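Engineer: One structure is given below, represented as structure tokens, and several questions about it will come after.
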Amino acid sequence: MSHDDLSEIEARVLALESLLVEKGLVTSEEVDQVVYRFEHDIGPLLGARVVARAWTDPKFKQRLLADGSAAIAELGIAIPDLHLEVVENLAGLHNLVVCTLCSCYPWFVLGLPPVWYKSAPYRSRAVLEPRAVLREFGVELPESTEVKVWDSSADLRYLVLPARPPGTEGWTEEELVAIVDRDSMIGTALPQVPDKVVP
């Protein structure tokens, strides 16, 4: 990507990082490590633990669907002063999360939002043609499946509770965590069960 392709915010971030590196306050590797942790460990891992707990503990799942903020706090996850609503994928119902105004996102359980989540095309098309958007992400749903789009706001964030894949009965919570990714908790993916993960 050339500097001409950067958005204004990306250019500012790059300039700030360059300045911090030049002054010897951080290294590029340290910045990359922090970004990696937010993208792969801190956020999505916390969300995956929430999902796996809901799949293995029916009482926790009830509390999660009734009050997502309170249930997540039970797991020791610090959340900001806003409401988190958890919406469940069911047979015949698939949920998709978007923020049409900006990029409101449950970063405290999912980490940094993906670039596409913040893009204008996703923000508009997810509402206007959600099935087409899902197909582009590789999610093919039967025509009989209802797609419900949830619009996040400054005070209200959404998390998708994906359907537990068949063939995972008897799996431990840790084994289930490994098959839940960020996109499945936004609704743009489905948890996959690779053959090598099957116990």
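Engineer: Give the residue, chosen from L96, L101, that is out of contact with any strand residue (DSSP E or B) (no Cβ under 6 Å at 6 or more places or on another chain) and closer than 18 Å to A154 by Cα. Full working, then the answer.
Structural biologist: Details: L96 fails: out of contact with any strand residue (DSSP E or B) (no Cβ under 6 Å at 6 or more places or on another chain).
The match here is L101.
Per-residue answers, yes or no, for (1) assigned to a helix (DSSP H, G or I); (2) of a type in the set (D, E); (3) touching a residue at least 40 places away in the same chain (Cβ under 8 Å); (4) within 15 Å of L90 (Cα to Cα):
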position	(1), (2), (3), (4)
Y117	yes, no, yes, no
S124	yes, no, no, no
G138	no, no, yes, no
D183	yes, yes, yes, no
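Engineer: Exactly one of (1) more than 24 Å from P165 (Cα to Cα); (2) under 17 Å from the mean Cα position of the chain (by Cα) is unmet by L101. Its number?
Structural biologist: Among (1) more than 24 Å from P165 (Cα to Cα); (2) under 17 Å from the mean Cα position of the chain (by Cα), the lone unmet condition for L101 is (2).
Engineer: Still on this structure: Answer yes or no as to whether V127 is closer than 14 Å to L159 by Cα and not small (G, A, S).
Structural biologist: no
Engineer: Still on this structure: Within region 140-154, how many residues are out of contact with any Ser or Thr (no Cβ under 6 Å at 6 or more places or on another chain) and either under 15 Å from V97 (Cα atoms) or part of a strand (DSSP E or B) (or both)?
Structural biologist: 8
Engineer: Looking for whichever is surrounded by fewer than 15 Cβ atoms within 10 Å (Cβ to Cβ) and in contact (Cβ under 8 Å) with a residue 24 or more places away in the chain here; the options are L84, L93. Which one fits?
Structural biologist: L93
Engineer: Could you please find all residues in region 128-154 being over 18 Å from the mean Cα position of the chain (by Cα) and aliphatic (A, V, I, L, M)?
Structural biologist: L128, A132, L141
Engineer: What do you reckon, is V31 of a type in the set (A, V, I, L, M), farther than 25 Å from A163 by Cα and part of a helix (DSSP H, G or I)? Explain how you work it out, then say what you get.
Structural biologist: Details: of a type in the set (A, V, I, L, M): yes; farther than 25 Å from A163 by Cα: yes; part of a helix (DSSP H, G or I): yes.
Spelling it out, V31 is indeed of a type in the set (A, V, I, L, M), farther than 25 Å from A163 by Cα and part of a helix (DSSP H, G or I).
Engineer: Restricting the search to region 51-75, which residues are surrounded by 15 or more Cβ atoms within 10 Å (Cβ to Cβ) and among the polar types (S, T, N, Q)?
Structural biologist: T56, S69
Engineer: Can you name the residue in region 1-18 that is of a type in the set (S, T, N, Q) and in a loop (DSSP other than H, G, I, E, B) and is also modelled with the lowest pLDDT among such residues? Spell out the reasoning first.
Structural biologist: At the first step, the residues of region 1-18 found to be of a type in the set (S, T, N, Q) are 2, 7, 18.
Of the ones still in play, those that are also in a loop (DSSP other than H, G, I, E, B) are 2, 7.
Details: S2: 41, S7: 71.
Restricting to residues being of a type in the set (S, T, N, Q) and in a loop (DSSP other than H, G, I, E, B), the top hit is S2.
Engineer: Look through A52, A78, A66, A70 and report the one residue that is out of contact with any Ser or Thr (no Cβ under 8 Å at 6 or more places or on another chain), of a type in the set (G, A, S) and in contact (Cβ under 8 Å) with a residue 40 or more places away in the chain. Reasoning before the result, please.
Structural biologist: On the way: A78 fails: in contact (Cβ under 8 Å) with a residue 40 or more places away in the chain; A66 fails: in contact (Cβ under 8 Å) with a residue 40 or more places away in the chain; A70 fails: in contact (Cβ under 8 Å) with a residue 40 or more places away in the chain.
The match here is A52.
Engineer: Could you run through region 155-181 and say how many residues are within 14 Å of the chain's Cα centre (by Cα) and either in a loop (DSSP other than H, G, I, E, B) or among the basic types (K, R) (or both)?
Structural biologist: Count: 5.
The values are calculated or read from the model by the stated rules, or taken from the named source; none is laboratory data. Fair warning: this is a prediction, and the values are worked out from it, not measured in the lab. Don't worry about glycine lacking a Cβ; one is built from the backbone with ideal geometry, like all the others, and counts go over all protein chains shown.
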